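Taking it in order: structure first as structure tokens, then the write-up.
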Amino acid sequence: MKYEEITVFNYKVTYYAMRIFALYWLLMQYLDFRRINQWPKEIYEPFLPIQRIIFPQYPSEILYVSILLICALLLIITIFKQNYFLNFLIFLLIAIINFPISLNFSVGHNNHLIIIGFFMAIFLLPKNLNKENDFKWVQYFYLGILSTYSLAGISKFIGVAKNLILNTGKITWIDKNAAKINTLDNYWMADIKVPDWILNLYAYENLWILITGFGIVAQASCFLGAFNRKFLTFIMIFLYVFHWYTDFFILADFKDAKNFVLITLFPYHIFYPFYLKILNKKSG
């Protein structure tokens, strides 16, 4: 298949994979809701003005579960009936479902990637991707997801350049032990002892300068994956490893972000020959 055909084929599979994954994601949100629901209600502090309007108080379990069930029903319906309006409702509900879980109680915002993914897919129905240039719409879908990582990588470049030009004396990402200090700081704030195996890995100081530099360059260039399938596969692997690193080394748990990266960026076209064989057997 040509690049254009591969791009459209991969998204058509991704469309369904996203919805199946989202059903699992809803269950994870319910478990998080139950955990956070045990905290004192007095410390509930929504971050965004829209959160204060929708959930001025922490929602009851009945209300939250009802929203989860409605969203699950819409996800199942859109597997069989592709519809712009239903896709918009799914995006809206996923954003609302995230409010009690993130951006309050000083809890980090860790579902932004999933929200962006469903936002970018609102008007991207597989049944309508039949024209020669429709692959460009899929590129925009990838670009919307990957740009979040590129912006983070570019901001690191700017931060390093600023500190070097202004000679601030602050530690930059290209300094020795910068990655190690970042890990120590995050574990210290969490009041957790750094595992010995992590400290042993940080003993290779010069190697970590190269790893950190490579990571920043790769992160900043993520958006280019939207326009090249091989590079997109590389970026998918890099982002999965990157999220694994943040989980263990700096305690930045972005929940299901790494799984969502696999779901949306996976090269499903590698299974296309098997798909053709199945079709041929049925037609034969």
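The values are calculated or read from the model by the stated rules, or taken from the named source; none is laboratory data. On a predicted model such as this, the values are computed, not experimentally measured, just so you know. Every residue, glycine among them, receives a Cβ derived from its backbone with ideal geometry; neighbour counts consider all protein chains shown. Note: accessible area is taken over every heavy atom of the protein model, side chains too, but ligands, DNA and RNA are not part of it. Shrake-Rupley method; radii C 1.70, N 1.55, O 1.52, S 1.80 Å.
Quick one: how many Å² of Glu45 are accessible to a 1.4 Å probe, rounded to 10?
Only protein atoms counted, so the area is about 130 Å².
For Lys176, give me every one of the lysines with a C-alpha distance below 21 angstrom, ignoring sequence neighbours fewer than eight places off in its own chain.
Answer for Lys176, where 21 Å is the Cα cut-off: Lys156, Lys162, listed by chain and number.
Tell me the per residue accessible area of the chain using a 1.4 Å probe; a whole number in Å² is fine.
Details: 15920 Å² over 284 residues.
Averaged over the residues of the chain, the accessible area is 56 Å².
Can you send over the carbon and sulfur percentage of the accessible area for region 1-62, probe radius 1.4 Å, protein chains only? Mind dumping the intermediate values first?
Details: 2370 of 3680 Å².
That share works out to 64 percent.
Identify the trypsin sites (Lys or Arg not before Pro) of region 72-171 meeting these criteria: DSSP loop state and at most 14 other C-beta atoms within 10 Å of the C-beta. Don't skip to the answer; put the middle values down first.
Values: sites: Lys81, Lys127, Lys131, Lys136, Lys156, Lys162, Lys170; in loops: Lys81, Lys131, Lys170.
Qualifying residues, ordered by number: Lys81, Lys131, Lys170.
Quick one: what Rg and Dmax do you get for the chain from the alpha carbons, in Å?
21.4, 72
How charged is the neighbourhood of Trp173? Take every other residue with its Cβ under 13 Å from the Cβ of Trp173, and add Lys/Arg as +1 and Asp/Glu as -1. It would help to have the intermediate numbers written out before the result.
On the way: positive: Lys156, Lys162, Lys170, Lys176, Lys180; negative: Asp175.
Once positives and negatives cancel, what remains is +4.
Could I have the simple spin-label model distance between Leu92 and Val65, label points 7 Å from Cα toward Cβ, reported in nm to one decimal?
2.5
Say each of Lys170 and Lys131 gets a label point 7 Å from the Cα, pointing the same way as Cα to Cβ; how far apart are those two points in nm?
Here the modelled spin labels are 4.7 nm apart.
Let me spell out the model: positive unit charges on the Cβ of Lys and Arg, negative unit charges on the Cβ of Asp and Glu, origin at the Cα centre of the chain. What dipole size does that give, in debye rounded to 20? Walk me through the numbers on the way to the answer.
On the way: 24 positive and 16 negative charges, 183 e Å.
The calculation lands at about 880 debye.
Could you look at region 131-284 and say what percent of its accessible area is carbon and sulfur, using a 1.4 Å probe and all protein chains?
Values: 6290 of 9330 Å².
The computed percentage sits at 67.
Counting only pairs 8 or more residues apart or on different chains, how many lysine pairs in region 1-141 have their Cα atoms under 17 Å apart?
Close lysine pairs under the 17 Å cut-off: 9.
For region 1-66 and region 214-251, what is the centre-to-centre distance using only Cα atoms, to the nearest Å?
23
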